[in-house]
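The block underneath contains the structure these notes are about, expressed in structure tokens.
The values are calculated or read from the model by the stated rules, or taken from the named source; none is laboratory data. Keep in mind the model is a prediction, meaning the values are calculated, not measured. Glycine also receives a Cβ, built like all others from the backbone with ideal geometry; neighbour counts cover every protein chain displayed.
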Amino acid sequence: MILTQILYGWGGLNEALFHLINGATPQSLAPLVQFFTFAGSYWTAPAVMVGLWLSAKRTSGEGRANAINSALILFVIAFVVAFVTASLLKVTLAFPRPSLVFGDAIRLIGEADSRYSLPSGHATFSALVVSALWTLVNKRLRWILILYLVAVGWSRVAAGMHFPADVVAGWILGIASTQIAKRMLIWRSVKAPVAGLWYGLAVAIAMLDQLAKSLVSDHVTLLEMRPITPFFNLVHVLNPGAAFSFLASAGGWQRYFFLAVAVFACGWLIAILSRPRPNIEATGFAMILGGALSNALDRALRGPVVDYFDFYWNVWHWPAFNIADVAICIGAGLILVMAFKKSEQASIGNPGGVNENN
């Protein structure tokens, strides 16, 4: 408790700075707060990736194009590292948001969650963006990056969503994740344009699934069933088990077990994709990574995984699932196809299975 007060409370300075910034922000600046909140959101990650990719394509100089491609792959790897780490920190620490601590005594712009205050995801993301672009811009433009970083952090405190300590922790996590990504690139000698495509696919799948889950959670009541076709319903169910409700009836330990497995699997898949592979095989691994990443985020933040697809025939229903489950299954199928092809090619090249070393 004392250590928390020192590292997080800053001896009372954390709360004092929050009240100073939040209280001094007039309601007239609410649009500006919302703008920087959006600019620092994880949902703008695809725009950053597409922007870097297009910049590399339109750049005539090979050296400049390689630098932009390197920034792209650095950003994607760092994003995955930060995404997983922030999720684990949030659910492990479960620090309360200012709205829960102070109630109506603060100005709130938007809807705040009651938990998961540290680290600030917006601050983390803004630090990832700044770290990725830092070497691509000149000294004058770096001041704009710093202003963007500070503005995003300010917007979260001004909106009443986070304490200053949450913002600082997010900045540290974003910078640290970028450094880890740099070490991974050096270790694996990644070819940036190729690996970046697969990491980008994984992130896109994870974000698409998270968007679908957010829409279902916001607009479909828990356990509600909305008929779409004679064989398909849109539902909102919570699955504490694995894909297709495997181990859903276990006693609760499965949340941490599957979360640990998912984190390990994500790290392993990132390493796998850092090596050159056939396109079909790499696509399969990227789809599995995206699905595993999204479901891991659910387990960290929600506990159970949100499922929303319900296919049925007469009275028989297939266990509800989501886009992440579909991606994992398709990815596994692509990898199996490649394995069979390699097996066939090996049999043709070595009839009868005779060992050529003998």
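Select from segment 297-350 the residues that are of a type in the set (Gly, Ala, Ser), at pLDDT below 85 and assigned to a helix (DSSP H, G or I) and write down the one among them that is surrounded by the most Cβ atoms within 10 Å (Cβ to Cβ).
It comes out as ALA300.
Can you tell me how many residues in segment 131-159 are surrounded by fewer than 23 Cβ atoms within 10 Å (Cβ to Cβ) and either free of Cβ contacts under 8 Å to residues at least 60 places away in the same chain or under 21 Å from ARG107 (Cα atoms) (or both)?
16
Could you tell me whether any residue of segment 10-21 is surrounded by 14 or more Cβ atoms within 10 Å (Cβ to Cβ), at pLDDT below 85 and over 22 Å from the mean Cα position of the chain (by Cα)?
Checked against the condition, which is being surrounded by 14 or more Cβ atoms within 10 Å (Cβ to Cβ), at pLDDT below 85 and over 22 Å from the mean Cα position of the chain (by Cα), segment 10-21 yields at least one hit.
Of the residues that make up segment 146-157, is at least one of a type in the set (S, T, N, Q), at pLDDT 90 or above and either touching a Lys or Arg at 6+ places or on another chain (Cβ under 8 Å) or in a helix (DSSP H, G or I) (or both)?
Yes, the conditions are met somewhere in segment 146-157.
Return the pair list, or none, for Cβ contacts closer than 7 Å from residues in segment 218-238 that are under 16 Å from TRP316 (Cα atoms) to residues that are assigned to a loop (DSSP other than H, G, I, E, B), at least 6 apart or on different chains.
Listed by first residue and then by second, the contacts come to LEU234/VAL220; VAL235/GLU224; VAL235/ALA320.
Go through segment 107-145 and give me each residue that's among the basic types (Lys, Arg) and in a loop (DSSP other than H, G, I, E, B).
ARG107, ARG115
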